[in-house]
Amino acid sequence: MIRLVASAAVTVLANAVALIAGALLLEDMGLDVTGFILAVLIFTGVSMLASPLIRRTALTKAPVLLGSTALISTLAALIVTAIISDGLRINGLTTWVLAVVVVWAIGLAGQVLLPFVIFKKILRASAEQQAARVGVTRDAGHARVVKTAAHMPQSVSTNSRCDSSTVTPSSILRARSAVMPVSSTIMPTIRSRS
């Protein structure tokens, strides 16, 4: 639930930045201050609804258009926003084409880069927790993997019981690589059978 809210917040913010940038870069595209928030919400909602619909339609009916579904959904969102809201106005065919490209490109860049800016502290804490779980330490700026019994999954330890809650595919792979290298144990077994 938290990821969904965070993703929605990043999408709304990225779309707001994209619409502002489009209005600043394009002479015939304008945003009204009073209707700006409504325009951003309408644009984001239509974009989020239109994108999967257009992608599914393109996949079944016209696979050639599959790569341009984001541009088509941006165009649809701009058209609906301009019709419904008084906060966005776009005049001229050239401005419409450029507005689609500018808003799409800046919105995409914003959705990729904004999480690193907004959630920087959370991402860093999550990476440190994951590194501690796997056993990665930092010595003089270099990462080093430490394979000790403390960092192995519980199912690897010879003194512990193995129950279904501790065995996952990733824990099996980590345990196998921590206990035995693949080439020295499996390959001789395969060769001896033949």
Quick one: which residues, 5+ away or cross-chain, put their amide H under 5 Å from the amide H of L88? H built at 1.01 Å from N.
D32
How large is ³J(HN,Hα), in whole Hz, for each residue of region 33-48 in order, when computed from phi with the Karplus curve 6.51 cos²θ - 1.76 cosθ + 1.60 and θ = phi - 60°, using x for Gly and Pro?
4, 5, x, 4, 5, 5, 4, 5, 5, 5, 4, 5, x, 5, 5, 5
Within-11-Å neighbourhood charge of R89 [Cβ basis; K, R +1; D, E -1]
-3
Want the number for L41 to V101: 0.36 nm per residue separation, take away the alpha-carbon distance, what's left?
19.7 nm
Whole-Hz couplings from phi, Karplus 6.51/-1.76/1.60, listed for region 84-91; x for Gly and Pro
7, 9, 8, x, 10, 9, 9, 10
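Taking neighbour counts of Cβ atoms within 10 Å as a proxy for exposure, in what order, fewest first, do S51, S7 appear? All intermediate terms of the calculation are to be shown ahead of the outcome.
Values: S51 17, S7 12.
Least crowded to most crowded, the residues run S7, S51.
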Is region 1-58 best put as rounded, prolate or oblate by its Cα gyration tensor, with a ≥ b ≥ c the root eigenvalues, rounded for a/c under 1.5, and otherwise prolate when a/b is larger than b/c, oblate when not?
oblate
How far apart, in nm, are two points set 7 Å out from the Cα along the Cα-to-Cβ line at T57 and at L108?
2.1
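If each residue's Cβ is checked for other Cβ atoms within 10 Å, how do W104, W96 rank with the fewest at the top?
So the residues, fewest neighbours to most, are W96, W104.
Read the figures in this text as sums done on the coordinates, not as results from a lab. The structure displayed is predicted, hence computed values, not measured ones. For neighbour counting, all protein chains shown are included, and Cβ atoms are generated from backbone atoms with ideal geometry for every residue, glycine included.
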